[in-house]
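Visitor: Please find one structure pasted underneath; my questions will follow.
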Amino acid sequence: MELTTEEKIIEAARKIFTQKGFSATRTRDIAEEAGINLALLNYYFRSKQNLFQIIIEEKFDELFGIINPILSNREISLEEKIETLVTNYTNLLLENEDLPFFVLSEIKSNEFIIKRVKQNAEILSQPVIESQLKERGFTTSSFNFIMNIMSLTLFPFMSKPLFVSSGLIKEEEFARFITERKKDIPTWVMNTLK
């Protein structure tokens with residue numbers, strides 16, 4: 001199925017913004033990537049900021065949309081929560097390896113992203129997680145619990161350029177390494193609770 005002009009622009013913007021960031025991206029770059037003229041891009045979205053906000057909303061929905069339904073569900077055990085989050089985040093990041101860099105680089109300079117981070121901060125303080133941790137006799141806060149899961153999952157993606165350029169792992173081996181690693185993360189996180 002052929003994409004509409006609007007979909008082509010959004011797809012191009014997603015790619016260019018993720019690669020270059022907001023400041024370095026020109027609307028002309030997006031129009032060229034989408035295979036359209038600049039006037040058409042401006043007709044649909046009016047400004048680079050409007051288009052950027054659409055992409056940011058999408059990226060935050062991807063990042064945080066995974067977390068809340070899992071963490072707030074009392075029926076899902078701590079172990080199942082860890083396994084589900086690690087699997088979902090690993091899969092998301094394997095498909096969008098530039099996503100963590102994009103969010104981190106933009107968070108310093110973009111008010112809209114700062115606002116979205118603040119809106120999603122309450123996710124990291126979950127009463128259901130606090131309760132489940134206490135019921136099991138763990139003293140770790142929900143914030144530390146979630147931080148451990150996120151850091152063990154995200155760090156390999158953030159450090160990939162260092163490890164690949166140093167020869168510690170080959171580019172073509174990275175996905176397999178991550179897939180194997182995700183099996184161990186739930187055990188590592190549970191061990192930090194003991």
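Visitor: Using only Cα atoms, find the angle between the long axis of helix 174-193 and the longest principal axis of the chain, and express it within 0 to 90 degrees, rounded to the nearest 10.
Guide: That works out to roughly 40 degrees.
Visitor: Which entries in the list Lys160/Lys194; Lys8/Lys48; Lys15/Lys48 go over 25 Å, if you measure between the two C-alpha atoms of each?
Guide: On the way: Lys160/Lys194 30 Å; Lys8/Lys48 15 Å; Lys15/Lys48 14 Å.
Over 25 Å apart, Cα to Cα: Lys160/Lys194.
Visitor: Across the stretch 34-42, in residue order, what do the Karplus-derived ³J(HN,Hα) couplings come to in whole Hz, using 6.51 cos²θ - 1.76 cosθ + 1.60 with θ = phi - 60° and x for Gly and Pro?
Guide: Using θ = phi - 60°, the values come out as 7, x, 10, 8, 4, 4, 5, 4, 5 Hz.
Visitor: Give the Rg/Rh ratio for the stretch 66-193, taking Rg as the radius of gyration of the Cα atoms and Rh as the Kirkwood radius, to two decimals.
Guide: Numbers: Rg = 15.7 Å, Rh = 15.8 Å.
That ratio is 0.99, to two decimals.
Visitor: Calculate, in whole percent, how much of the Cα-Cα pair population of the stretch 123-163 lies beyond 13 Å.
Guide: Here the long-distance tail beyond 13 Å is 57 percent of all Cα pairs in the stretch 123-163.
Visitor: Based on a Kirkwood Rh over C-alpha pairs, give the Stokes-Einstein translational diffusion coefficient of the stretch 1-52 at 25 °C and viscosity 0.890 mPa s in µm²/s. Let's see the in-between values first.
Guide: Working: Rh = 10.6 Å.
Rounded, D is 231 µm²/s.
Visitor: For the stretch 13-54, which trypsin sites (Lys or Arg not before Pro) pass both filters: DSSP loop (anything but H, G, I, E, B) and at most 13 other C-beta atoms within 10 Å? Let's see the in-between values first.
Guide: Details: sites: Arg14, Lys15, Lys20, Arg26, Arg28, Arg46, Lys48; in loops: Arg26, Arg46.
Those satisfying the criteria are Arg26, Arg46.
Visitor: For helix 142-165, what angle does its Cα long axis make with the longest principal axis of the chain, in degrees from 0 to 90 and rounded to 10?
Guide: 50
Visitor: What is the Cα coordinate range of the stretch 1-137 on the first, second and third principal axes, sorted by size from largest, in whole angstrom?
Guide: 61, 35, 21
Visitor: Another question about this same structure. Show that you can apply the helix-only estimate: for the chain, add -39,500 (n - 2.57) for every DSSP H stretch of four or more residues, divide by all residues, and state [θ] at 222 nm to the nearest 500.
Guide: Values: 11 runs with 149 residues, N = 194.
Result for the chain: -24500 deg cm²/dmol, rounded to the nearest 500.
Visitor: Distance from the Cα centre of the stretch 21-59 to that of the stretch 128-193, in angstrom?
Guide: Cα centroid to Cα centroid, the span is 34 Å.
Visitor: Shape of the stretch 121-194 from its Cα gyration tensor (a ≥ b ≥ c, root eigenvalues): rounded if a/c is under 1.5, otherwise prolate when a/b > b/c, or oblate? Could the numbers behind the result be given before it?
Guide: Values: a/c = 3.47, a/b = 2.38, b/c = 1.46.
Here the stretch 121-194 falls in the prolate category.
Visitor: Let me ask you something else. Would you mind ranking Glu106, Glu171, Glu2 so that the residue whose beta carbon has the fewest other beta carbons within 10 Å leads the list? Spell out each step's value before the answer.
Guide: Numbers: Glu106 20, Glu171 10, Glu2 5.
Ranking Glu106, Glu171, Glu2 by Cβ neighbours within 10 Å, fewest first, gives Glu2, Glu171, Glu106.
Visitor: Helix 5-24 against the longest principal axis of the chain: what's the angle in degrees, Cα atoms only, rounded to the nearest 10?
Guide: So the inclination is approximately 70 degrees.
Visitor: In what sequence do Val103, Val86 fall when counting other Cβ within 10 Å, fewest first?
Guide: Val103, Val86
We did not get these values from a lab; they are worked out from the coordinates using the rules stated. Please read these numbers as outputs of a predicted model, since none were measured by experiment. Methodologically, a virtual Cβ is constructed for each residue, glycine included, from the backbone with ideal geometry; neighbour enumeration extends over all protein chains shown.
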